[in-house]
Every structure is written in C-alpha cells, then in structure tokens.
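Encoded as structure tokens, the structure appears first; notes follow it.
The values are calculated or read from the model by the stated rules, or taken from the named source; none is laboratory data. Since the structure is predicted, the reported quantities are computational estimates derived from the model, not experimental observations. Neighbour counts run over all protein chains shown; Cβ positions are idealised from the backbone, glycine included.
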Amino acid sequence: MNFRLIFDEPADGATNMARDEAISQTVGRHEAEPTLRFYGWSPQAISLGQSQRHSTVNRAQCEAHGVDVVRRTTGGLAILHTDELTYSIHLPKGHPLAEGDVMTSYRRISVAIIEALRRLGVRDVGASAVAKADKATGPVCFEAPSDYEVTGRMLTGADSGITKKLVGSAQQRRLDAVLQHGSLPLRGDIGRVCQFLVGAPEAGVVRARAGTLAEAVGHEVDWRTAVDVWVGAFAAVLGLEFEPGVMMDAEVTLAGELRVSRYANEAWTGRR
C-alpha cells in the first residue's frame, strides 16, 4: 500500500491541529495519498479532547510558562505536548487499515506501534482492553491507559520493572476519512502536565501509571531516531510503501484557513 510520508518541523498547537485536519480532508477526497505524518511542538502545548471542558485548563499557569492551549477534533483527555514524538495517520474511507469499527482499526494500528517500541528496546510491550475501574477519572490522558493503548515495562526510575502507559492515541471518523493521531513522550517528567490543569491528580499519580521512552529503555532517544524506527515498523507490520513528501499547496492553504477559523480561535477552544 502506497503512503505519503511527511516529516514536519515543530509548530504551534493551532498549526499542528490545522495541518492534521487539512491532510485528513484532502486524503478523504482522494486528492492525496494516504499519509503518515510526524511532527513536534513549539512552544509546548496542552491539547484538549473534542468534548473536554475548557474549564479544566489552568490558564494562569499556562500563560506563565508559555504553554499553548488548543482543542483537538479527536476525543480523549488533555495532553502536554513537549519532548515527544507525535504521529498522525490519514486514511480515506474504505481503506484496508480503516476497515471495521473504531476499535478494530485502532487495534490494527497499535500492532505497528508495538513493533516500533520493541525495535526501540522497550520490554513487554502490549495493548489490551482495560477494566473500567482502571481507566482515568481526571482530565489527564496519561493518567491511565484506555482500551488498547500501548504499554511497556520501565527499565529505570523509581518504578523500574513496572508496566506503564507509553503511547496515547485518539481516532476521528468522518464521512469520508479516518484520522488517528497520538504521542509518545520521549523524555522528561510525565507528571508536569498536572500543574496546567484544574482537578488533575497529583503528579505522582500520573508518574506511577505512565512513563517515557527514556525510562523504558534506560537512555534518551532523539526524535529523528525514534521516527525512523516507527517508519520501519509501520512498513513491516502494515505492508506500507512510503514515499517522502510534503503538504500540497492546497493543503497548506486549507490549513492556514482552519488555523484562523478554528484552532487559533478562542470561540473554538473555549466552546465547551
């Protein structure tokens, strides 16, 4: 299966979310090949799930630390995007990777993510259904894994030997397209997100349930190294053939329009 592969420079939250939607729209209209995009964030940003309450954001803390706030079109809970690998996969309706319901395609893509983490050196990687009692009860995505999100065993740190959540993902299905995006924290304090949210658990609760790639493999892995491993794993597991590319001019224009009308618009961010 042919796929366009995009490596993006770090961008602000509104730009990143606008680019994901623009690509999803063009792929859904069959104006572009199915696409796998990797990107970073500058400045760091909190992204809220589509239906998450804006009141969970501690605006004063975000402003004091230069943290952007943006709302995703996908569901889930708040993520602090910093020191991470972020991916998005864009499929037209009817694509083999999108067959079945949300959870079926989610699990299919998770198999490739699991292989990528194994190749990076993570031990005991897996993804399975999570009991309702063990799911997150606060506003933080990495507080606990959701169904079929990827976990792995920690090699270093206070909780060495314990299995924790490593990758948080969310999927959106439109009439003509499927978008799934997610993040792998590469390093740093996974609990720092809590200071930017109201009603968040103590940072220690998040640290006990989620970890970074550096904690899982015992050393830091740079962004490009991690991305190259992910590309190889996706190609091998999902049978993809990648052609490096960039956003088309029409996608760049559409992303700019979406950034202004939606993702950088306070009416959109604060709509719930």
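Scanning segment 63-96 for residues that are buried (at least 21 other Cβ atoms within 10 Å of the Cβ) and among the hydrophobic types (A, V, I, L, M, F, W, C) returns Val67, Val69, Val70, Leu77, Ala78, Ile79, Leu80, Leu85, Ile89, Leu91. For segment 12-36, a residue qualifies if it is in contact with a Phe, Trp or Tyr (Cβ under 7 Å, 6 or more places away or on another chain) and within 30 Å of Gln195 (Cβ to Cβ), and the qualifying residues are Gly13, Ala14, Asn16, Met17, Ala18. Does segment 80-95 include one or more residues that are aliphatic (A, V, I, L, M) and either at pLDDT below 95 or in a helix (DSSP H, G or I) (or both)? So far as segment 80-95 goes, no, none of its residues is aliphatic (A, V, I, L, M) and either at pLDDT below 95 or in a helix (DSSP H, G or I) (or both).
Number of residues in segment 142-177 that are modelled with pLDDT of 80 or more and crowded, with 17+ Cβ neighbours inside 10 Å equals 18. Against the condition at pLDDT 95 or above and surrounded by 14 or more Cβ atoms within 10 Å (Cβ to Cβ), how does Leu117 come out, does it pass? Taking the combined requirement at face value, the residue satisfies it.
Restricting attention to segment 22-34 and to residues that are buried (at least 23 other Cβ atoms within 10 Å of the Cβ) and touching a helix residue (DSSP H, G or I) at 6+ places or on another chain (Cβ under 8 Å), the residue that is nearest to Arg71 (Cα to Cα) turns out to be Ala22. Here Val227, Val193 are screened, and the one residue that is within 19 Å of Gln52 (Cβ to Cβ) and β-branched (Val, Ile, Thr) is Val193. Here Ser110, Ser128 are screened, and the one residue that is among the polar types (S, T, N, Q) and modelled with pLDDT under 90 is Ser128.
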